[in-house]
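What follows is a set of notes on a single structure, which appears directly below.
The values are calculated or read from the model by the stated rules, or taken from the named source; none is laboratory data. Remember, predicted model here, so these are calculated numbers, not experimental data. Please note: Cβ atoms are built from the backbone with ideal geometry, for glycine as well, and neighbour counts cover all protein chains shown.
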């Protein structure tokens, strides 16, 4: 058991029974995989489990949503005409970090972004929107604000702020990776 604890710690505490068994055999120990698993349990060590899939888009199908004013034509004649927004996530040791960004299609520049440990509309995408508005001169008069149907973008607090800034709301389909893929290519 002390050898298992040492090897587990030496290998960043991520080895499960299968990898620990292989490591012990490479180190010269004659031990079976089931015995390795039992000893790991007794030693109080275990491997890292893969995390559950995270769904960042959960919209209510009964909600009245803005129409799609872009229709996958991600082209703008000038700056501040079409802004595309999305959220992604990154797995970290302490949980998920969610990233929201606003891209100006004309310049292909990220004009607003935010990283948070929550998906709440008033925290994650709202800060990215505020940064974009600041970067673009304080208002978004006439700009088309395009996003998916995610609950963060359809929240009242967020949609109200989009309208206050003078932007025209537009939505694609729920969780559609093709919408933002066209912008980055």
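I'm told residue 67 meets every condition in (1) at pLDDT 80 or above; (2) more than 15 Å from residue 158 (Cα to Cα); (3) in contact with a strand residue (DSSP E or B) (Cβ under 8 Å, 6 or more places away or on another chain) except one. Can you identify the failing condition by its number? Evaluating residue 67 over (1) at pLDDT 80 or above; (2) more than 15 Å from residue 158 (Cα to Cα); (3) in contact with a strand residue (DSSP E or B) (Cβ under 8 Å, 6 or more places away or on another chain) leaves (1) as the failure.
Scanning segment 1-42 for residues being within 25 Å of residue 94 (Cα to Cα) and surrounded by fewer than 16 Cβ atoms within 10 Å (Cβ to Cβ) gives a total of 11. Looking across segment 148-185, the residues that are surrounded by 14 or more Cβ atoms within 10 Å (Cβ to Cβ), over 19 Å from residue 78 (Cα atoms) and modelled with pLDDT of 85 or more come down to 158, 159, 161, 162.
Just one of the numbered conditions (1) modelled with pLDDT of 90 or more; (2) assigned to a strand (DSSP E or B) is not true of residue 145: (1). The condition of being modelled with pLDDT of 85 or more and touching a helix residue (DSSP H, G or I) at 6+ places or on another chain (Cβ under 9 Å) holds for only one of 111, 90, that being 111.
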